[in-house]
1. Can you pull out the residues in region 55-77 that are in a helix (DSSP H, G or I), over 21 Å from Val127 (Cα atoms), touching a residue at least 40 places away in the same chain (Cβ under 8 Å) and not basic (Lys, Arg)?
2. Are any of the residues in region 79-86 open to solvent by 60 Å² or more (accessible area, probe 1.4 Å), in contact (Cβ under 8 Å) with a residue 40 or more places away in the chain and in a loop (DSSP other than H, G, I, E, B)?
3. Restrict the check to region 157-180 and report whether at least one residue is over 21 Å from Asn82 (Cβ atoms), of a type in the set (Ser, Thr, Tyr) and in contact with an Asp or Glu (Cβ under 9 Å, 6 or more places away or on another chain).
4. Residue check: is Ala141 closer than 24 Å to Ser5 by Cβ, in contact with a strand residue (DSSP E or B) (Cβ under 6 Å, 6 or more places away or on another chain), surrounded by 18 or more Cβ atoms within 10 Å (Cβ to Cβ) and among the aliphatic types (A, V, I, L, M)?
5. Applying the selection to region 111-132, what residues are at pLDDT 95 or above and in a loop (DSSP other than H, G, I, E, B)?
6. Quick one: which helices (runs of 4 or more DSSP H) lie wholly within region 138-200 and hold at least 1 residues that are touching a Lys or Arg at 6+ places or on another chain (Cβ under 7 Å)?
7. Does Ser177 count as farther than 23 Å from Asp64 by Cα, among the polar types (S, T, N, Q), open to solvent by less than 50 Å² (accessible area, probe 1.4 Å) and touching a residue at least 40 places away in the same chain (Cβ under 8 Å)?
8. Quick one: in region 92-110, of everything that is more than 14 Å from Leu157 (Cβ to Cβ) and in a loop (DSSP other than H, G, I, E, B), which residue is modelled with the lowest pLDDT?
Amino acid sequence: SVIVSDRLVRRDFIQADRWKLCLVLPLAAEEVRRQVAKRPSKGALQAVLSDAEWALLSSPYFLDSYLKTGELQETRAAELRNWFQRHASLTDEELALASKAAYQVYGSTSRSFLLAEFERVAGSVVVQKLRKTLIVAGQQAFFDHHLKHDFLASFYLAQNEPLWNRESFDHVTFRGSSFDAIMMCVEQIPEAIADRFIRAVYNWNIYGVGYSLAE
């Protein structure tokens with residue numbers, strides 16, 4: 001049997017010899033360049049891409065987005081913020097509302113949430129603008145890619161230092177099962193206060209610090 005998951009909980013198996021873990025790695029640099037070379041004006045584009053941008057393109061999600069739009073930021077957080085503002089047309093105020101709502105409905109046992117609860121915080125206008133990325137099933141909804149929800153939650157968390165504690169970190173990571181939101185916080189927090197955030201994460205989960213800084 002094969003079990004496929006977008007989360008990997010860092011815990012030991014009861015019978016380790018019965019399991020074999022496999023991990024999808026980032027795309028090879030040669031494959032990324034081969035895909036980018038298919039775009040028009042490839043020479044000019046390759047000349048202006050920074051090392052950080054090439055690294056970002058090793059993620060199939062961001063490579064696919066770049067090949068479709070030709071737009072690319074240097075970090076995942078910046079890339080996703082650009083998507084919400086340019087493609088979902090969220091204003092700064094609406095992005096703040098969406099991020100607060102995304103943070104509040106996160107942390108359950110799954111990536112889905114009650115749409116009414118999200119709308120109560122974000123407002124009907126924001127929900128309408130997000131219809132292109134929200135998958136709705138009855139009263140439940142979820143984002144078409146978990147990184148979008150992770151970004152929104154991280155956007156709210158990064159701007160609220162009183163929330164830099166164990167309870168909040170557990171809330172946005174499914175109790176340490178996924179560190180993407182923490183990593184995107186690191187990309188957004190000003191350098192002057194970054195040490196305080198890193199120390200808070202370290203006091204909560206050393207793996208969270210390792211993953212975030214490595215990424």
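The values are calculated or read from the model by the stated rules, or taken from the named source; none is laboratory data. All of these numbers come straight from a predicted model, not from anything done at the bench. Neighbour counts run over all protein chains shown; Cβ positions are idealised from the backbone, glycine included. Quick note on the areas: whole protein, heavy atoms, side chains included, nothing else; ligands and nucleic acids left out. Shrake-Rupley method; radii C 1.70, N 1.55, O 1.52, S 1.80 Å.
1. Tyr61
2. no
3. Checked region 157-180: at least one residue is over 21 Å from Asn82 (Cβ atoms), of a type in the set (Ser, Thr, Tyr) and in contact with an Asp or Glu (Cβ under 9 Å, 6 or more places away or on another chain).
4. Judged against the criteria, Ala141 is a match.
5. Gly123, Leu130
6. 146-158, 180-188
7. Taking the combined requirement at face value, the residue satisfies it.
8. The residue in question is Ser108.
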